[in-house]
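Peer 1: One structure coming up, written as structure tokens, with questions to follow.
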């Protein structure tokens with residue numbers, strides 16, 4: 001009887017082993033197939049710097065308290081006691097370690113800054129515009145090789161593609177400068193006003209297409225119009241319905257001509273900046289948001305809930321190598337590389353708005369500082385990286 005038992009037991013064990021081997025082979029095959037490109041992606045990432053598809057690691061209470069104490073100490077010395085008027089939030093692994101709201105939002109009414117106070121993000125707005133264009137690309141509604149003339153047939157700048165707008169290699173002139181020439185400054189210009197101005201006056205390009213990296217607001221102003229052309233919706237409405245609300249960004253919106261009656265000035269040291277003729281163009285700027293909403297945006301990028309990881313890898317790939325430097329640019333993001341450490345970030349400046357959105361990739365930490373009164377100390381927020389890495393880095397990020 002025992003002989004029969006061991007005979008059948010061995011058969012069962014062998015059967016289980018075979019089943020497990022087959023399961024492993026099938027799993028590897030399926031995983032490999034899912035990781036392959038669908039064929040629509042026309043740019044292979046040279047460097048992969050986005051995070052893995054998994055939840056953040058937990059931190060101990062002691063770690064959280066230590067981080068909080070060190071961040072608060074830095075904040076008190078470098079911002080709070082040096083004229084800071086704004087909001088700050090520092091997080092790691094999706095958990096808020098420190099936040100504070102200091103000063104006045106509306107100097108006319110005395111309204112204080114709170115967690116729901118939306119700040120003009122200035123050029124941080126480009127991250128929303130750029131990632132939304134990549135979302136449309138994922139959906140097959142746009143190609144990165146599409147030319148400008150597909151969307152603006154009369155625009156007199158041939159050879160420029162959507163990709164060159166995203167990585168600032170279009171060579172286009174900056175509309176913030178040429179619209180100061182003969183434009184009626186009593187009239188608020190729209191994005192289409194800028195396009196029609198370019199068609200009529202043909203301001204000289206700064207470089208040939210794809211020749212050099214040249215940071216230019218015109219690129220993202222045009223990308224916002226491309227979103228409108230592809231979706232048949234106004235950019236502010238599409239962003240609200242398809243980006244901000246789905247991601248839970250409750251205090252985030254795009255400012256446009258419809259909002260001029262509710263404009264709240266930002267400040268220099270003592271005087272307000274009144275609205276000017278370029279305060280209603282969007283895509284390159286004019287997203288308003290809070291530090292908590294930006295943390296939600298940051299989390300969506302870390303967790304790949306808005307874009308696929310492969311798309312983010314492509315966005316976080318450096319595309320400008322004209323000169324050897326730790327600084328580079330991907331799609332809508334500044335990149336900084338230093339001895340294995342990667343910072344994916346964007347800063348912003350418009351009138352009195354100073355903004356900094358710094359993502360420390362290796363530490364899955366994020367530093368967000370928004371101000372509505374000129375304060376260059378905001379751009380030094382990366383100095384807090386030593387709190388997580390243990391390494392001092394005196395190099396500055398690009399403003």
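Rule-based calculations on the coordinates, nothing more; no lab input. For clarity, every value in this text was computed on a predicted model and none was experimentally measured. Cβ placement follows ideal geometry from the backbone for every residue including glycine, while neighbour counts extend to all protein chains displayed.
Peer 1: Describe numerically, in nm with one decimal, the distance between label points set 7 Å from Cα along Cα→Cβ at residue 396 and at residue 57.
Peer 2: Between residue 396 and residue 57, the label points sit 3.4 nm apart.
Peer 1: For Cα Rg over 2.2 N^0.38 Å, the choices are (i) 1.02; (ii) 1.14; (iii) 0.98; which was calculated from the structure?
Peer 2: Computed from the coordinates, Cα Rg over 2.2 N^0.38 Å corresponds to (ii).
Peer 1: Treating the angle as unsigned and between 0 and 90°, give the value, to the nearest 10°, between the Cα long axis of helix 217-231 and the longest Cα principal axis of the chain.
Peer 2: Helix 217-231 sits at roughly 60 degrees to that axis.
Peer 1: Sort 227, 195 by Cβ crowding within 10 Å, fewest neighbours at the top.
Peer 2: With the fewest neighbours first, 227, 195 line up as 195, 227.
Peer 1: Sort 211, 82 so that the residue with the fewest other Cβ atoms within 10 Å of its own Cβ comes first and the one with the most comes last.
Peer 2: Taking fewest neighbouring Cβ atoms as first place, the list is 82, 211.
Peer 1: Taking the Cα of residue 181, stepping 7 Å toward and past its beta carbon, and measuring to each backbone N in segment 200-238: which are under 20 Å?
Peer 2: 200-209, 214-222
Peer 1: Taking only the alpha-carbon atoms of segment 154-287, what semi-axes of the equivalent ellipsoid follow from 5 times the gyration tensor eigenvalues under a square root, in whole Å, largest first?
Peer 2: 25, 20, 14
Peer 1: Quick check: the angle from helix 191-201's long axis to the longest principal axis of the chain, C-alpha only, nearest 10 degrees?
Peer 2: 60 degrees
Peer 1: Here's another thing I want to ask about it. By how many degrees, between 0 and 90 and to the nearest 10, does the Cα long axis of helix 2-35 differ from the longest principal axis of the chain?
Peer 2: 20 degrees
Peer 1: From the C-alpha gyration tensor of segment 209-308, pull out the three semi-axes of the equivalent ellipsoid (sqrt of 5λ each), sorted largest to smallest, in whole Å.
Peer 2: Result for segment 209-308: semi-axes of 24, 20, 16 Å.
Peer 1: If you scale each eigenvalue of the Cα gyration tensor by 5 and take the root, what three semi-axes come out for segment 116-228, rounded to whole angstrom and sorted largest first?
Peer 2: The three semi-axes for segment 116-228 are 21, 19, 13 Å.
Peer 1: Next question. Could you work out the Kirkwood radius for segment 262-351, taking every pair of different alpha carbons, averaging 1/r and inverting it, reported in Å? Provide the component values of the computation, followed by the final result.
Peer 2: On the way: mean 1/r = 0.0626 Å⁻¹.
It is 16.0 Å.
Peer 1: For 384, 326, what's the fewest-to-most ordering of other Cβ within 10 Å of each Cβ?
Peer 2: 326, 384
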